[in-house]
Structures are given as C-alpha cells and as structure tokens.
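Participant: Before we start, here is the structure in question, set down as structure tokens.
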C-alpha cells in the first residue's frame with residue numbers, strides 16, 4: 001500500500017494552492033483536515049485511505065504522533081519567514097499577541113521536525129514560485145515523475161483560502177478542537193515515556209480507593225481518551241463520593257501491577273440488596289487495561305475480582321456493556337465469564353445540559 005504524505009507549514013504559505021496541485025491522478029490532498037477531526041480515531045481512519053495526503057497549518061505541534069497515525073508518511077515542511085506570515089495575517093484582519101505567540105511556537109516545531117524526522121524535505125516558500133521547487137515537492141509526496149503540464153495549469157491559478165471563514169469555523173468549534181488537542185498532547189506524552197518491556201508477570205491485588213486514585217492517573221487519562229471523553233474529564237467525577245464509599249467498605253478495587261506499575265484496574269461498588277434481605281449485590285464500574293498489556297489480562301482481572309467478591313458473600317454481580325469505548329466487547333467477555341442477559345437499562349437525563 002502506498003504511504004500517505006503530509007505537508008506542514010505556517011498559514012499564508014501557499015498551502016491551499018499546494019493542496020490542489022498535489023491532488024493529482026488518484027491522489028487526493030486535503031487542506032487543514034485537522035480542524036475537522038473530532039477524535040484521534042478520526043485521524044487514524046482518515047490516513048487509512050489510499051492515495052491520501054494533506055497540507056496542514058496547525059499540525060506541526062503534534063508531529064510526534066505521525067508514526068502512530070500515519071506510519072511511513074512522507075513529510076514536507078514549507079518555510080516562510082515568520083514576520084512575513086504575521087504581516088499577511090494582519091492584512092487579513094487576524095493579528096494579536098496570542099496569534100503571534102502561536103505562529104512563533106509552530107515555527108519552532110517546524111525546526112524540530114526538520115531536525116528529527118528522517119527523510120523530511122524542507123522547501124522555502126519562495127521556491128514554490130518556480131517549477132523546480134514545486135517539482136521537488138510533487139515528486140517527494142507522490143513518488144512519481146513531475147508533470148510539467150500539470151504544473152503549468154496550476155501555475156496560472158491564484159488560489160487563496162478564506163482565512164476569515166476558517167477563523168470563524170475554528171471559533172465555533174473551539175471546544176471540540178481543544179479537546180482533540182488535549183488528547184493529542186496526552187498521547188504524545190504517553191508515547192514519549194520509556195518503552196515498556198513486556199512484563200513477565202502481573203499481580204492482581206485488592207487496593208484501597210485512595211491508593212488507586214493516587215496511582216491510576218496516567219491510566220485514567222488514557223481511559224478518558226479511549227471512551228471519547230476529554231482527557232481531564234476524570235476531574236469532574238464525584239471523587240468525594242468515591243472516597244466516602246471506599247471508607248465505608250462499599251468499593252472493591254482490583255489492580256493489575258508489574259514491578260509496582262499499574263497496568264489495569266477494575267472498580268466494583270457493593271451494597272445491600274433491595275431484592276433479598278441479608279444479601280449483598282455488586283456492580284462493576286470503571287474497568288480499564290493498558291494497551292501495553294498482553295491480551296487476556298482483562299479477563300484475568302475479571303476473574304480475580306469475581307473470586308474476591310465471592311469471599312465477601314456477594315449474591316449478585318451486575319455489569320454494563322456497550323456504553324462507551326470498547327463496551328460492546330465487554331458483553332462478549334461477560335458471557336464467557338458466565339454472566340446472563342438481565343433485561344435492558346434505559347436512561348432519561350433530567351438535569352439540564
């Protein structure tokens with residue numbers, strides 16, 4: 001399969017024109033597609049298309065994720081002097097200290113890309129005014145011989161993106177864009193950690209709620225991303241109630257650790273049954289296993305939790321599936337563990353959003 005390409009540049013660097021010029025034959029080249037993405041999964045899916053490329057003006061800060069979402073992608077940087085970019089933005093009515101800080105930060109990221117990404121092609125903005133400069137980009141991205149007739153056709157076009165419309169779009173969708181940026185930052189930090197050596201063995205232990213809450217933050221942030229939530233949404237959970245239930249003995253936390261590091265957790269809430277006097281029932285709630293773990297760890301955690309609940313004389317154990325993230329897969333797991341269908345749960349949200 002032909003690998004994708006990505007051109008990274010500052011705004012007002014002839015990027016819209018390049019997107020059209022590089023849409024050649026079967027190739028489709030997008031422009032600032034990142035602004036239209038809602039999740040990291042959207043990015044990965046977009047790059048799975050055949051003969052695909054994109055020109056991006058806001059993606060440089062996330063260059064470390066290229067290997068994850070577009071492995072083997074051919075990379076081009078277009079360098080226009082920062083002062084010229086800022087002047088062009090001011091002429092378009094987009095100028096402020098915040099914008100200037102962002103542009104200078106992105107320019108430094110382009111420096112990093114050129115220094116650290118193998119095989120990157122760097123071209124000057126001025127070079128895009130000549131056939132020779134455009135031919136270098138064409139052949140690097142599309143991996144085929146430059147087409148002079150195609151260049152002549154596009155050289156006669158004066159293409160410029162509607163910056164005001166793009167700014168309005170970004171302002172309207174700012175919460176979603178910032179959510180994606182936070183998820184990308186978390187994934188970048190996660191990938192920058194020292195490579196995890198596949199653990200030879202795990203220990204499954206019951207831990208108190210305080211220890212779990214303290215040690216599980218890196219996993220919880222990954223959990224938020226995996227389930228389509230904002231990376232910091234865990235901070236809005238009812239932490240005081242979790243702590244209170246733990247102090248009252250109404251929670252069971254099973255963790256999977258190797259060499260002291262937590263790789264998974266399963267939290268269960270317990271309480272007196274309303275169906276039968278003297279019985280206890282329980283319900284699985286947060287359940288997460290790191291991608292660094294071998295397959296089957298989640299099933300082992302479930303079995304460890306069930307055995308521990310049996311020692312506590314729990315009569316009924318309930319578990320939901322299909323709610324978020326990989327929820328549908330949980331239904332298969334629960335059936336393998338002996339769970340039975342127990343009706344359907346419905347929800348009516350009465351609180352105002």
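Participant: Considering every pair of different Cα atoms, what Kirkwood radius, in Å, is found for segment 5-192?
Facilitator: Details: mean 1/r = 0.0587 Å⁻¹.
Taking the inverse mean of 1/r over all distinct Cα pairs, segment 5-192 comes out at 17.0 Å.
Participant: How far apart, in nm, are two points set 7 Å out from the Cα along the Cα-to-Cβ line at residue 91 and at residue 276?
Facilitator: 8.0
Participant: Using 10 Å bins from zero, what percent of all Cα-Cα pairs in segment 46-95 falls into each bin?
Facilitator: Values per bin, smallest distances first: 19, 43, 23, 15.
Participant: Taking the chain as a Gaussian network, Cα atoms linked when under 10 Å apart, which of 13, 122, 295 shows the biggest mean-square fluctuation?
Facilitator: Residue with maximal mean-square fluctuation among 13, 122, 295: 295.
Participant: Given R₀ = 22 Å, FRET efficiency for residue 311-residue 239 by Cβ-Cβ distance, to 0.05? Numbers along the way, then the final one.
Facilitator: Working: r = 28 Å, r/R0 = 1.25.
E(calc), rounded to 0.05, equals 0.20.
Participant: If you don't mind, another one. Hey, what's the Kirkwood Rh for the chain if you take every pair of different alpha carbons, in angstrom? Can you show the working numbers first?
Facilitator: Numbers: mean 1/r = 0.0421 Å⁻¹.
Hydrodynamic radius (Kirkwood, Cα pairs) of the chain is 23.8 Å.
Participant: Okay, next question. How far apart, in nm, are two points set 7 Å out from the Cα along the Cα-to-Cβ line at residue 156 and at residue 211?
Facilitator: It works out to 7.5 nm between the two label points.
Participant: Right, another one. Could you work out how much longer the chain between residue 115 and residue 98 gets when fully extended? Use 0.36 nm per residue separation minus the Cα distance between them, nm to one decimal.
Facilitator: In short, 3.5 nm is gained.
Participant: As a check on your grasp of the helix formula, calculate [θ] at 222 nm for the chain: sum -39500 (n - 2.57) over DSSP H runs of n ≥ 4, divide by the residue count, round to the nearest 500. Write down the numbers at each step before the final one.
Facilitator: On the way: 14 runs with 148 residues, N = 353.
Theoretical 222 nm ellipticity from helices: -12500 deg cm²/dmol.
Participant: Once the Cα atoms of segment 203-336 are picked out, what are the Rg and Dmax in Å?
Facilitator: In order Rg, Dmax, the Cα atoms of segment 203-336 give 14.5, 43 Å.
No lab work stands behind these numbers, since they all come straight from the coordinates. These numbers were taken from a predicted model, which means no experiment stands behind them. As a convention, Cβ positions derive from the backbone with ideal geometry for all residues, glycine included, and neighbour counts pool all protein chains shown.
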